[in-house]
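Written below as structure tokens is the structure these notes are about.
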Amino acid sequence: MFTPQLLLGIVFATIGIFVALMGADQMRKGGEGDNKKLIAAGVVLAVIGIVLAVI
């Protein structure tokens, strides 16, 4: 039922979503740093996770 690819995809997507939300929160607070890169990395991780889960 749960293949290793599906579980890995769920993990990647979850981590990606949290990383993107962390970047968005820092940007909202006006924090310094590479917030756009953090958001982009989170979105990429989430997409990789979704692709892994679907395949």
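Computed from the coordinates by the stated procedures, all read-outs in this text should not be read as laboratory data. Being a predicted model, the structure only gives us computed values, none of them experimental. Ideal geometry is used to build each Cβ from the backbone, glycine not excepted, and the neighbour counts take in all protein chains shown.
Could you check residue 54 against (1) loosely packed, with under 13 Cβ neighbours inside 10 Å; (2) without any contact (Cβ under 8 Å) to a residue 40 or more places away in the chain and say which number it fails?
Condition (2) is where residue 54 drops out.
Looking only at the stretch 1-41, count every residue that is loosely packed, with under 15 Cβ neighbours inside 10 Å and either in contact (Cβ under 8 Å) with a residue 60 or more places away in the chain or not hydrophobic (A, V, I, L, M, F, W, C) (or both) and tell me the total.
Total satisfying the criteria: 14.
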